[in-house]
1. Can Arg217 be described as assigned to a strand (DSSP E or B) and open to solvent by 60 Å² or more (accessible area, probe 1.4 Å)?
2. Checking Ala162 against (1) buried (at least 19 other Cβ atoms within 10 Å of the Cβ); (2) hydrophobic (A, V, I, L, M, F, W, C); (3) in a loop (DSSP other than H, G, I, E, B), only one condition comes out false. Which one?
3. Give the residues of segment 138-154 that are under 18 Å from Ile121 (Cα atoms) and in a loop (DSSP other than H, G, I, E, B), sorted by residue number.
4. If you take the residues in segment 174-221 that are among the aromatic types (Phe, Trp, Tyr) and touching a strand residue (DSSP E or B) at 6+ places or on another chain (Cβ under 7 Å), which one is nearest to Pro96 (Cα to Cα)?
5. Being open to solvent by 40 Å² or more (accessible area, probe 1.4 Å) and more than 28 Å from Leu93 (Cβ to Cβ) is the filter here, so list the residues in segment 29-44 that pass it.
6. Is it the case, given these coordinates, that Leu178 is surrounded by 12 or more Cβ atoms within 10 Å (Cβ to Cβ), on the phi < 0 side of the Ramachandran plot and in contact with an Asp or Glu (Cβ under 7 Å, 6 or more places away or on another chain)?
7. Is it the case that segment 50-65 has a residue that's open to solvent by less than 40 Å² (accessible area, probe 1.4 Å), over 28 Å from Ser119 (Cβ atoms) and assigned to a helix (DSSP H, G or I)?
8. Suppose the filter is among the aromatic types (Phe, Trp, Tyr), more than 26 Å from Val213 (Cα to Cα) and either surrounded by 19 or more Cβ atoms within 10 Å (Cβ to Cβ) or at pLDDT 75 or above (or both); does Trp47 pass it?
Amino acid sequence: MITEEKIKQDFAERLDVACKMKNLPEKGRGKIIADILKITPKAVSKWFNAETLPTQSNIYVLADFLGVTKEWLSYGDKNASIEQIEKQRAYPLLSPIQAGLWAGISSLEGFDGYEMIPSTIIASDDSFYLRITGDSMRPRFNEGDLVLIDPNIYPTPGKFVAAINGNNEATFKQYKELGTMTGDGLPHFELVPLNPMFPTLSSLEQEIRIIGVARERIEVL
């Protein structure tokens, strides 16, 4: 059984290796990392000394700065060398309410209550993950699945999109154009659930705003 002390020790060793690959000086590297993360050097020294572990949000920033993946820095990979580690992107996981207020990555400034989800998909910087709630998109999407939403992609018929409903919360449905246009030249559309037991939302009947198109799904078993 792996103990907590072993986990901390292994992390400290990986952190040391990553710093050496980054050519950070052994004396002063704690201060450099502390400045990047906007925390105290004492907190960083505890990581190197295997006394504590960073938070998930700090691990994401730290991995990005050191040029390694969040997964390798967190857990290690006996089947990969440092040279084989592929750096990934990561995007914030938002609640339906947070997604309803989303105005881009700048919305996260000063807010520490979110998780970054790694991905090999290269999406726009303002992209985010949304967790599927309910059964309206079954059988293709299950409750708990994560979908990567890119706000910079224009929806086309058949695409899966995130939109703001009348409750100012994000909902996830399939996009269907109705063949008529608004006075501004935009198409009227429906948001269609894959589960026929749930209602279709229509832009002719209520205000709906598309906030992005799905790029990836992470299935939760």
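1. Numbers: assigned to a strand (DSSP E or B): yes; open to solvent by 60 Å² or more (accessible area, probe 1.4 Å): yes.
Against the criterion (assigned to a strand (DSSP E or B) and open to solvent by 60 Å² or more (accessible area, probe 1.4 Å)), Arg217 qualifies.
2. The failed condition is (3).
3. Taking segment 138-154 as the starting set, the residues that turn out to be under 18 Å from Ile121 (Cα atoms) are 145-154.
Within segment 138-154, Asp145, Pro151, Asn152, Ile153, Tyr154 meet the criteria.
4. Pass one, segment 174-221, residues among the aromatic types (Phe, Trp, Tyr): 175, 189, 198.
When the remaining residues are screened for being touching a strand residue (DSSP E or B) at 6+ places or on another chain (Cβ under 7 Å), the result is 175, 189.
Numbers: Tyr175: 18, Phe189: 21 Å.
Checking each candidate, the answer is Tyr175.
5. Within segment 29-44, the first condition is being open to solvent by 40 Å² or more (accessible area, probe 1.4 Å), and the residues that meet it are 31-32, 35-36, 38-42.
Correct list: Lys31, Ile32, Pro41, Lys42.
6. Working: surrounded by 12 or more Cβ atoms within 10 Å (Cβ to Cβ): yes; on the phi < 0 side of the Ramachandran plot: yes; in contact with an Asp or Glu (Cβ under 7 Å, 6 or more places away or on another chain): yes.
Yes, satisfied.
7. Step one: filter segment 50-65 for residues open to solvent by less than 40 Å² (accessible area, probe 1.4 Å), giving 50, 54, 57-59, 62-63.
Within this subset, residues satisfying the condition of being over 28 Å from Ser119 (Cβ atoms) are 50.
Imposing the further condition that a residue be assigned to a helix (DSSP H, G or I) reduces the set to none.
Checking segment 50-65: not a single residue is open to solvent by less than 40 Å² (accessible area, probe 1.4 Å), over 28 Å from Ser119 (Cβ atoms) and assigned to a helix (DSSP H, G or I).
8. Numbers: among the aromatic types (Phe, Trp, Tyr): yes; more than 26 Å from Val213 (Cα to Cα): yes; either surrounded by 19 or more Cβ atoms within 10 Å (Cβ to Cβ) or at pLDDT 75 or above (or both): yes.
So Trp47 passes the test.
The values are calculated or read from the model by the stated rules, or taken from the named source; none is laboratory data. All values derive from a computational prediction rather than experimental measurement. For neighbour counting, all protein chains shown are included, and Cβ atoms are generated from backbone atoms with ideal geometry for every residue, glycine included. Keep in mind that these areas ignore ligands, DNA and RNA; they rest on the heavy atoms of the full protein, side chains included. Shrake-Rupley method; radii C 1.70, N 1.55, O 1.52, S 1.80 Å.
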